[in-house]
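The values are calculated or read from the model by the stated rules, or taken from the named source; none is laboratory data. Fair warning: this is a prediction, and the values are worked out from it, not measured in the lab. Note that each Cβ is placed from the backbone with ideal geometry, even for glycine, and that neighbours are counted across all protein chains shown.
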Amino acid sequence: MGQFSISANTLTPKGVEQARLVAGSFTKSPDLIVASPFSRAQATAMQTVAAFPSVPFEIWPIHEFTYLEPERCTNTTVAQRRDWVEAYWAKADPAFRDGEGAESFLDFISRARSFLDRLAEHPAHDIAVFSHGQFINAVVWLIERNPQTIDGQEMADWREYEITNHVPNCSGYKLTKHPDGAGWKVSADNSELSAREVCQILREVTFERRTMTKVSQTSWDETYAGHFVVSVEGWRISIYNDCDTLDYCEECVSPEGRRWSFDAGDRFGTDPTALLSTWEHQALERLLKAL
């Protein structure tokens, strides 16, 4: 296990290659390239900066969440820090700071909110952002969960979300602002559908931004226990009805043929309906029963 250091400034050979692949994945030049103040994110971004030398490059406060005091963590291993980590999350106090140089959970989430506000107001259209896994998950969690207050329960929810939705190196998401200003859309930055994308389609149904129609010949009540197929403006989605209860999403095929399926192993088997809030889940079930 590696030792703690927030200032490590070199990429492994594999990291360099991953950064090159990211730079080569752009089909057109971004309008702006942004990186966190942490050197590893900047080192990763430099490959894309080199590929588009005329594009402006900026540093934004989108660094990783440092919730343990850095000084006491110096020259410690993951195993040595485990008890401190568990104690921090068990405390479930969003305002708590572990010590000098540590950040509270409230401050961390505030940075993520500020990032979304800055994106929404920025004149650049396509912005390439190089950040870190926990910060990325904070941003996406805010979009998907839309918490009204940040308390101990929401802090615990984010922690569970972060563990379930680990962000691999050089992976990420596309954020798109709805033209009507209704909010952000999150989609996976790859050619396959993700559970998050499918969840977003279902979420838009619950808020009546999209129309859902029945494909199955039988009604939800008549199906009772089995797969119930619906269409959401060209998105074909199969949902499992377990004794008249919305259980899980079995499969989704987008209008352009991209596919997500329950047995695809997406992020530890994450089910799109599990990413819905309790209210959204209940609203979707009511809409399905009404078809």
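Annotations for the structure displayed:
- Count of segment 23-40 residues which are of a type in the set (K, R) and either surrounded by fewer than 18 Cβ atoms within 10 Å (Cβ to Cβ) or closer than 15 Å to A124 by Cα (or both): 1
- Selection over segment 153-181 of residues that are at pLDDT 80 or above and farther than 23 Å from A45 by Cβ gives a count of 11.
- Residues in segment 50-67 that are assigned to a loop (DSSP other than H, G, I, E, B) and either basic (K, R) or farther than 21 Å from L106 by Cβ (or both): F52, P53, S54, V55, P56.
- Considering residues of segment 199-234 that are among the aliphatic types (A, V, I, L, M) and surrounded by 15 or more Cβ atoms within 10 Å (Cβ to Cβ) only, the residue modelled with the lowest pLDDT: I201
- Output for segment 114-157, where each listed residue is within 18 Å of G172 (Cα to Cα) and either of a type in the set (S, T, Y) or free of Cβ contacts under 8 Å to residues at least 40 places away in the same chain (or both): S131, I136, N137, V139, W141, L142
- Candidate set from segment 104-125 (those that are small (G, A, S) and within 20 Å of W158 (Cα to Cα)); member that is nearest to the chain's Cα centre (by Cα): A112
- Being among the hydrophobic types (A, V, I, L, M, F, W, C) and under 30 Å from Q134 (Cα atoms) holds for only one residue in I239, I201, and it is I201.
- Evaluation of S114 against the conditions (1) surrounded by fewer than 14 Cβ atoms within 10 Å (Cβ to Cβ); (2) at pLDDT below 90 shows that the sole unmet condition is (2).
- In segment 130-164, residue surrounded by the most Cβ atoms within 10 Å (Cβ to Cβ) [restricted to those that are aliphatic (A, V, I, L, M) and within 12 Å of the chain's Cα centre (by Cα)]: A138
- If only residues of segment 68-87 that are in a helix (DSSP H, G or I) and touching a helix residue (DSSP H, G or I) at 6+ places or on another chain (Cβ under 9 Å) are counted, the one that is nearest to L142 (Cα to Cα) is V85.
- Cβ pairs under 8 Å, 6+ apart, first in segment 75-91 and in the same structural domain as D151 (by TED's automatic domain parsing), second aliphatic (A, V, I, L, M) and surrounded by fewer than 11 Cβ atoms within 10 Å (Cβ to Cβ): T77/M1; V78/M1; A79/M1
- Selection within segment 15-49 - assigned to a loop (DSSP other than H, G, I, E, B), within 16 Å of K174 (Cα to Cα) and of a type outside the set (K, R): S25, F26, T27, S29, P30, D31
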